[in-house]
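The structure under discussion appears below in the form of structure tokens.
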Amino acid sequence: MSDMKHLAILIKDLEDQLVVCMRCGMCQAVCPVFAETGREADVARGKLALLDGLVQEMFKDPKGVNDRLMRCLLCGSCSANCPSGVKVLDIFIKARAILTGYMGLHPLKKAIFRGMLVRPEFFNSLMEWGSKLQGIFVKPVDDLLGTSCGRFFSPLGDRHIKALAPVAFHQMVEPMNSRPGASGLKVGFFVGCVIDKVFPGIGEAVLRTMDHHGVGVFLPEDFACCGIPALSSGDTVAFNKLVRYNLQRFTAQPFDFLITACATCTSTIKKLWPLMAQDLDAETQEQVAAMASKTMDVSQFLVDKLGIRQVETQGDEKKVNLTYHDPCHLKKSLGVAAQPRTLLQANPGYRLVEMLEADRCCGMGGSFNLQHYDISAAIGKRKRENIEQSGCEVVATSCPACMLQITDMLSQAGDRIQVKHAIEIYAESLARK
């Protein structure tokens, strides 16, 4: 009975938000999925029209409604360009939660989210074994990008993946609680799953940078996922457990800012934790609001709080051409675009060359890539073409998930272009000083 009451509240809230949409179709021009499929059902306007009668449709064809909602990258391009200010992502997230609450969660997803993701120690152990055994299933294919492809008849299909790191970040470093140095500031460091298990070098670059600038760091033991994989599938049960788990860890010590090097984690903590906090008790809601208010992307922290600036260099100095891809969750959701570029230009060894459509979605979209790889890859190829045409030797971004997608596309095309995180580029410059 309580579940149905909760669903009714969510539906009422959804209906109140839907009335804002004028069905003008401006979202068509910017939706990367619609650009590939040309289907009205794949654009925000079509999905919003579908949701307008959600109560009736949910009982008639819940699976059909859910399938159409899942054909979305949650990139936020529609919201960022909506003249009416419709909070499309908020609506889609809540609609997925409503449908999952009504239909139930797929057994495989339930096993992953509630059996693994909410149990960080167990999840880490599984991934450690996966790292040791992955050679049985994948083989190296590109030495520069460090990609692998599946052996034999692999469920990976044509993907060129970044294999799990031999040693995860949480295995490299001990929990930290260092004092502020010259900066007088202390940060909590939210690592995120992909950095921890695939790109530990990004985490090392963050710590090296904080140490260089005299910033204290709090890194708790057994840190967990931010919860976005569960929430994007409508699983609010696992999502809420992860929020509470992370709050318990990160409220254990005081710090000035919570920084992340993952655009998706940053956006999730700042935007989606508060959005879904209505399911939590009053004390937890206050903790969520406080944590969200001090969460920042690492480049935003370095530029806006520490004052990192672009370095002026001599014109004849040899430089590596570098381009930058704007993660959707960073630029479109949080408005952070100038700071990563400033960080990149603080390394005198690189020359920033802007690519066409730098802020166009790369097509990753988390689980979207797993469920609709054909569309995801088509969107990714357009990004790859823009990267290649820039004439760069390195492409940087601020999201490890985007790094996975871009690496896949470049590797399949045989491009000899490195993929790095903006903080890695900046940390390289510290060795020069």
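The values are calculated or read from the model by the stated rules, or taken from the named source; none is laboratory data. Note that this is a predicted model, so its numbers are computed, not measured. Neighbour counts are summed over all protein chains in view; Cβ atoms, including those assigned to glycine, are modelled from backbone coordinates with ideal geometry.
Details
- Test: residue in region 364-379 that is part of a loop (DSSP other than H, G, I, E, B) and out of contact with any Ser or Thr (no Cβ under 8 Å at 6 or more places or on another chain): yes
- The residues of region 240-267 that are outside any loop (DSSP other than H, G, I, E, B), free of Cβ contacts under 8 Å to residues at least 60 places away in the same chain and not aliphatic (A, V, I, L, M), listed by number, are Asn240, Arg244, Asn246, Gln248, Arg249.
- Those residues of region 212-239 which are assigned to a loop (DSSP other than H, G, I, E, B) and among the aliphatic types (A, V, I, L, M), in sequence order: Val215, Ala224
- In the set Ala378, Ala337, Ala346, Ala358, only one residue is over 26 Å from Ala427 (Cα atoms) and among the small types (Gly, Ala, Ser); that residue is Ala378.
- In region 94-105, residue surrounded by the most Cβ atoms within 10 Å (Cβ to Cβ) [restricted to those that are closer than 13 Å to Asp67 by Cα and out of contact with any Gly (no Cβ under 8 Å at 6 or more places or on another chain)]: Ala95
- Selection status of Leu272, under 25 Å from Ala338 (Cβ atoms), in a helix (DSSP H, G or I) and assigned by TED's automatic domain parsing to the domain that holds Phe223: yes
- Qualifying residue in region 372-385 (condition: without any contact (Cβ under 8 Å) to a residue 12 or more places away in the chain and either surrounded by fewer than 17 Cβ atoms within 10 Å (Cβ to Cβ) or of a type in the set (Gly, Ala, Ser) (or both)): yes
- Ala338 passes every criterion in (1) aliphatic (A, V, I, L, M); (2) surrounded by fewer than 21 Cβ atoms within 10 Å (Cβ to Cβ); (3) touching a residue at least 40 places away in the same chain (Cβ under 8 Å) apart from (3).
- The numbered conditions (1) more than 27 Å from Val237 (Cβ to Cβ); (2) at pLDDT 95 or above; (3) among the β-branched types (Val, Ile, Thr) are all true for Val288 except (1).
- Hits in region 403-433 (condition: more than 20 Å from Val320 (Cβ to Cβ) and either under 15 Å from the mean Cα position of the chain (by Cα) or of a type in the set (S, T, N, Q) (or both)): Leu404, Gln405, Gln412
- Per this entry, Lys110 is not counted among residues that are in contact with a helix residue (DSSP H, G or I) (Cβ under 7 Å, 6 or more places away or on another chain) and part of a helix (DSSP H, G or I).
- Residue check, Thr260 within 30 Å of Phe34 (Cα to Cα) and modelled with pLDDT of 95 or more: no
- The set of residues in region 166-207 that are part of a loop (DSSP other than H, G, I, E, B) and buried (at least 20 other Cβ atoms within 10 Å of the Cβ) comprises Ala168, Val191, Gly192, Val198, Phe199.
- Whichever residue in region 345-365 is closer than 29 Å to Cys225 by Cβ and in contact with a helix residue (DSSP H, G or I) (Cβ under 6 Å, 6 or more places away or on another chain) and, among such residues, is surrounded by the fewest Cβ atoms within 10 Å (Cβ to Cβ): Asp359
- Being surrounded by fewer than 24 Cβ atoms within 10 Å (Cβ to Cβ), touching a residue at least 24 places away in the same chain (Cβ under 8 Å) and either over 16 Å from the mean Cα position of the chain (by Cα) or assigned to a helix (DSSP H, G or I) (or both) is a property that holds for Cys392.
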